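J.: Please see the structure below; I have some questions.
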Amino acid sequence: MRLGKYEEAIKIASSVVAQEGENPIVVRALTTLGVCKAESDDIEAAEKYFFKAIHLAGKLGDSLGEGIALHGLSTCVHIPRGRFHLGLTTMEQAGYLKAIANYPDWGQPFIKAYVHLLSGQRREARSALDELLPLVEPGTRLAGGYYYLWALLDLEEGELQRAEEYLRLCLRIANQTGAPDLNIWARTGYSRLYRLKNQPAVSLGWIEDALHHAIYFNYRHFQGVSLIEQAQVKWLLGDKTGSESSLEEAIQILAQFQDAYHLALAQLLKAIWQDEQGNPASIETWINAAKYLLTNSFVHLIERERPLTFPFLIKQARSKNPESRKAAEALIENLTGIPPLPLKIYALGQFTVWQGNRRIPDHLWNRRKAGELFRFLLLKPGRAVIRDEVQENLWPESTLETGIGMLHQATSALRRILEPDIPDKFPSRYLHMEGERIRLSLPPGSSIDFEEFETRLSEAIHTKKTAQLEKALSLYIDDLFPMNRYDDWAQDKREGLIELHERGLLALGQTYFEQGEYYRALDCARRILKRNNTNQDAAALGMQACMKLQDGPRAVQLFMEIEKNLRETYDIPPRQDLKRLVRQIKRG
């Protein structure tokens, strides 16, 4: 059956149903018929077979058989139709029944992750994947599916390098197991990856290979989904006719499966491409596509295909056609609840921000102090602050009226930097103006290097594990926000990070010392003293390391330097333990 030999499987299963009467074997045969019918264009018949299997299993008290049939109903009928909530609920019941039969169930977390990905709920998808991990055995079909779902998540978030690694793992298992679904998923994923990398010629090879697999194994539903990807690739290559042909074929196939989700995507693409070519039919196609998206709660597809959809959406919001304009406004309103792409912020020794796989150009941050406002908000509790505090810190010499104007310019510039293609009536999903309060919201999956540094190094200092300390310290490229080194508002955070870095180096040096790696311990001490020449803990570590290295003169030199620096800076003598140490060295 999984190899696409549906006619043979249907023949065998039908024979079992006809001859065996009512028993668990018939339940499995009915479920097999449901799967075969679902994959061979007859989803209505598939649903009936699954219901028959569920009813018979319930009558027989066959919990496992009922659970397997419910699993099939969820994956083969409800999910393809876009009935995601119904599919999840059905899968939950399947998991419950399988548990009664002591049967391991991976279906629920797998479908949860898949549905959350299709719904644009990246945080929930990540949680479901974590739930799935304990059930994954290396090299299995499930492991391949697990890697594929992670690849989808990374593609959604613009983490293309990581997505490529997951696709490589998925493809390896697909080739080893020969699983048709994995082979098609991996190749379709690679096509999307290279399409996002703007390498459509490479994408075309992958998607055509995916289609060959779908046709060979008679996976009609996968064929329809792959045709949508092929249409997008052909459009990028300038093959408009071929693109339209692939899209129409996809729509015909997916309509047979009543696949609301992928039909919504196909209709949206069709409307956009018709509009680009000046086709008058685009208005009607667009209105129908918008209704489809809104009715089925698939608005997140607008966000997923953002480079293509947002300019089109803005155009429709300004349309003279009232229906077209109304549809665009309704979608814009619904988009506010969909998280935007996560941000990766690097602020130690630099200031670089990545939005998915797009690096925000450095020069944009200089516009109207937008970058300074962004950095200021990053340091505030909850990343929120009242307007007066912003004005006092960023424009301290301005009048109240001038400061208000400058703040308005900075927030407007920051809004456009983070969402350059945002429609006029669309509120920012990163920057929120709440009365007198300004708040920066970072979507799930975002990261800030100095926060990661604080967390990792604090944990590493506690555990005193060398590898963890080294890895955490490697995050500290240089001091926080080098462009704001003289600004008072950044001083406390910068000094706190410097102090933590010194404590981390000291902990690493002490760990090296305990392991007998005295040269490395001495190096840590010297790095601290280069930055803070009055750090007596570092001086003590360095002196002890020198003693172990039989280098008394260098140890004495370290003492003399710390003594001089303490006297000149604080007018205090060194600690008693340092004095005892130098006396011990001099005595030999």
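Every number here is computed from the coordinates shown, using simple stated rules; none is lab data. Computed from a prediction, not measured in an experiment: that's the story for all the values here. Virtual Cβ from ideal backbone geometry, glycine too; neighbours counted across all protein chains shown.
J.: Could you work out the local net charge near Tyr430, counting Lys and Arg as +1, Asp and Glu as -1, over the other residues with Cβ closer than 13 Å to its Cβ?
T.: Details: positive: Arg383, Arg415, Arg416, Arg429, Arg439; negative: Glu419.
Spelling it out: positives minus negatives among the neighbours equals +4.
J.: What's the center-to-center distance, using Cα atoms, between segment 521-588 and segment 435-511 in Å?
T.: 27 Å
J.: Same structure, new question: Roughly how big is segment 1-118's charge dipole about its Cα centre, with Cβ charges of +1 (Lys, Arg) and -1 (Asp, Glu), in debye to the nearest 20?
T.: About 160 debye.
J.: For a footprinting-style exposure proxy, rank Asp478, Asp362, Asp42 by other Cβ within 10 Å, fewest first. Before the final figure, lay out each step's value.
T.: Details: Asp478 9, Asp362 12, Asp42 15.
The most exposed by this proxy come first: Asp478, Asp362, Asp42.
J.: Which of Trp395, Trp185 has the fewest other C-beta atoms within 10 Å, and how do the rest follow up to the most?
T.: On the way: Trp395 19, Trp185 27.
Starting with the residue having the fewest Cβ neighbours, the order is Trp395, Trp185.
J.: Still on this structure: Using helices alone, what [θ] at 222 nm do you get for the chain, with -39,500 (n - 2.57) per DSSP H run of 4 or more residues, divided over all residues and rounded to the nearest 500?
T.: On the way: 28 runs with 409 residues, N = 588.
The per-residue figure over the chain is -22500 deg cm²/dmol.
J.: Thr569 to Glu137: extension gain in nm, 0.36 nm per residue of separation minus the Cα-Cα distance?
T.: Values: separation 432, 0.36 × 432 = 155.52 nm, distance 6.13 nm.
Using 0.36 nm per residue and subtracting the Cα-Cα distance, I get 149.4 nm.
J.: Just subtract the alpha-carbon distance of Ser15 and Lys586 from 0.36 nm times their residue separation and send over the number in nm, one decimal.
T.: Numbers: separation 571, 0.36 × 571 = 205.56 nm, distance 9.78 nm.
Full-extension gain reported as 195.8 nm.
J.: What residue among Leu263, Leu378, Gln584 has its Cα farthest toward the positive end of the dipole of the chain, where the charges are +1 on Lys, Arg and -1 on Asp, Glu, each on the Cβ?
T.: Selected residue: Gln584.
J.: What residue among Gly496, Gly445, Leu522 has its Cα farthest toward the positive end of the dipole of segment 405-561, where the charges are +1 on Lys, Arg and -1 on Asp, Glu, each on the Cβ?
T.: Checking the options against the dipole of segment 405-561, the answer is Leu522.
J.: When the dipole is taken about the Cα centre of segment 235-346, and only Lys, Arg (+1) and Asp, Glu (-1) are charged at their Cβ, what size is it in debye, to the nearest 20? Intermediate values should be presented prior to the final figure.
T.: Values: 11 positive and 13 negative charges, 91 e Å.
That gives segment 235-346 a dipole magnitude of about 440 debye.
J.: With a 10 Å Cβ neighbour count serving as the proxy for reagent exposure, in which order, fewest first, do Arg456, Arg580, Arg439 appear?
T.: Details: Arg456 18, Arg580 10, Arg439 15.
By the 10 Å Cβ count, ascending, the order reads Arg580, Arg439, Arg456.
J.: Still on this model: Rounded to the nearest 0.05, what FRET efficiency is calculated for Asn23 and Thr89 with R0 set to 25 Å and r the Cβ-Cβ distance? Walk me through the intermediate numbers first.
T.: Details: r = 28 Å, r/R0 = 1.13.
The pair Asn23/Thr89 has a calculated efficiency of 0.35.
J.: Residues of segment 410-448 with amide nitrogen under 20 Å from the 7 Å Cα-to-Cβ point of Glu401?
T.: In segment 410-448, the label zone of Glu401 (backbone N under 20 Å from the point 7 Å along Cα→Cβ) covers 410.
J.: Separate question: Using the structure shown, select from Lys465/Lys564; Lys112/Lys270; Lys11/Lys52; Lys48/Lys98 the pairs with a Cα to Cα distance greater than 23 angstrom. Write out the running numbers ahead of the final one.
T.: Details: Lys465/Lys564 34 Å; Lys112/Lys270 29 Å; Lys11/Lys52 18 Å; Lys48/Lys98 21 Å.
From the list (Lys465/Lys564; Lys112/Lys270; Lys11/Lys52; Lys48/Lys98), the Cα-Cα distance tops 23 Å for Lys465/Lys564; Lys112/Lys270.
J.: Treat every Asp and Glu Cβ in the chain as -1 and every Lys and Arg Cβ as +1, leave all other atoms uncharged, and give the resulting dipole magnitude about the Cα centre to the nearest 20 debye. Please list the in-between numbers first.
T.: Working: 74 positive and 76 negative charges, 250 e Å.
The calculated dipole for the chain is roughly 1200 debye.
J.: Now for a separate question. Per 0.36 nm of contour for each residue apart, how much would the distance between Glu451 and Tyr519 grow if the chain were fully extended, relative to their Cα-Cα spacing? Write out the running numbers ahead of the final one.
T.: On the way: separation 68, 0.36 × 68 = 24.48 nm, distance 3.05 nm.
Answer, rounded to one decimal: 21.4 nm.
J.: Using alpha carbons only, how many angstrom separate the centre of segment 132-195 from the centre of segment 29-71?
T.: Comparing the Cα centres of segment 132-195 and segment 29-71, I get a distance of 28 Å.
J.: Could you give me D for segment 516-588, from Stokes-Einstein at 20 °C and 1.002 mPa s, where the hydrodynamic radius is the Kirkwood radius over C-alpha pairs? Units µm² s⁻¹, please.
T.: Values: Rh = 12.0 Å.
Once the numbers are plugged in, D ends up at 179 µm²/s.
J.: Let me ask you something else. Short version: ³J(HN,Hα) in whole Hz for each residue of segment 355-369, in order, from phi by Karplus 6.51 cos²θ - 1.76 cosθ + 1.60 (θ = phi - 60°), x for Gly and Pro, what are they?
T.: With the stated coefficients, segment 355-369 comes to 10, x, 9, 10, 7, 5, x, 4, 5, 5, 5, 7, 6, 6, 6 Hz.
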